[in-house]
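Colleague: Okay, here's the structure, questions in a sec.
What follows draws every value from the coordinates through simple rules; no lab data is involved. Remember, predicted model here, so these are calculated numbers, not experimental data. When we count neighbours, we look across all protein chains shown, and the Cβ atoms used for this are built from the backbone with ideal geometry, even at glycine.
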Amino acid sequence: MAKKTMVQLVDDLSGQSIEDGEGRTIRFAFDGAEYEIDLTNSNIEEFSNSLERFVRASRRVSGRRKTGGSTGRGSGGGDNETAAIREWAESQGLKVASRGRISADIVERYKNR
């Protein structure tokens, strides 16, 4: 016996069923909280128009980027510097793990040596 389960997307504002291509789930964040809402295309347009002037005046702080940016490393340095920090710390009698993150205190002491 075959069993078929169907999921129907429903507009969270109107309660209207959303057919393929007629709407989608919108994700947004406000005041530190993230939200999702399922909307028909007409309600997506209304939502977008309502936020447009706020979005234009705001700064992007996370999320998708329009250009390919690099994923730079933090101020801890690359693998060579990490190895040098570990070696220096051990020579100073400081406890440092052979793998994983090096404490900020040890990194700072290394930089100020």
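Colleague: As I understand it, the dipole of the chain uses +1 on the Cβ of Lys and Arg and -1 on the Cβ of Asp and Glu, about the Cα centre. Which of 23, 94, 61 lies farthest toward its positive end?
Modeller: Highest projection toward the positive end goes to 94.
Colleague: Helix-only mean residue ellipticity at 222 nm, the chain, DSSP H runs n ≥ 4 weighted -39,500 (n - 2.57), per residue, nearest 500. What is it? Can you show the working numbers first?
Modeller: Numbers: 3 runs with 38 residues, N = 113.
The helix contribution divided over the chain gives -10500 deg cm²/dmol.
Colleague: Count neighbours as other Cβ atoms within 10 Å of each site's Cβ, and list the trypsin sites (Lys or Arg not before Pro) in the range 1-48 that are DSSP loop with at most 11 such neighbours.
Modeller: Filter output for the range 1-48: 3, 4.
Colleague: Next question. Only helices at least 20 Å long along their own axis, judged from Cα atoms, and with Kyte-Doolittle mean hydropathy of -1.0 or greater: name those in the chain from DSSP H. Walk me through the numbers before you get to the answer.
Modeller: Numbers: long enough: 41-57 (24 Å, -0.74).
Qualifying helices: 41-57.
Colleague: In 5 Å bins starting at 0, how do the alpha-carbon pair distances of the chain split up by percent?
Modeller: 2, 8, 13, 11, 8, 8, 7, 7, 7, 8, 8, 6, 4, 1, 0
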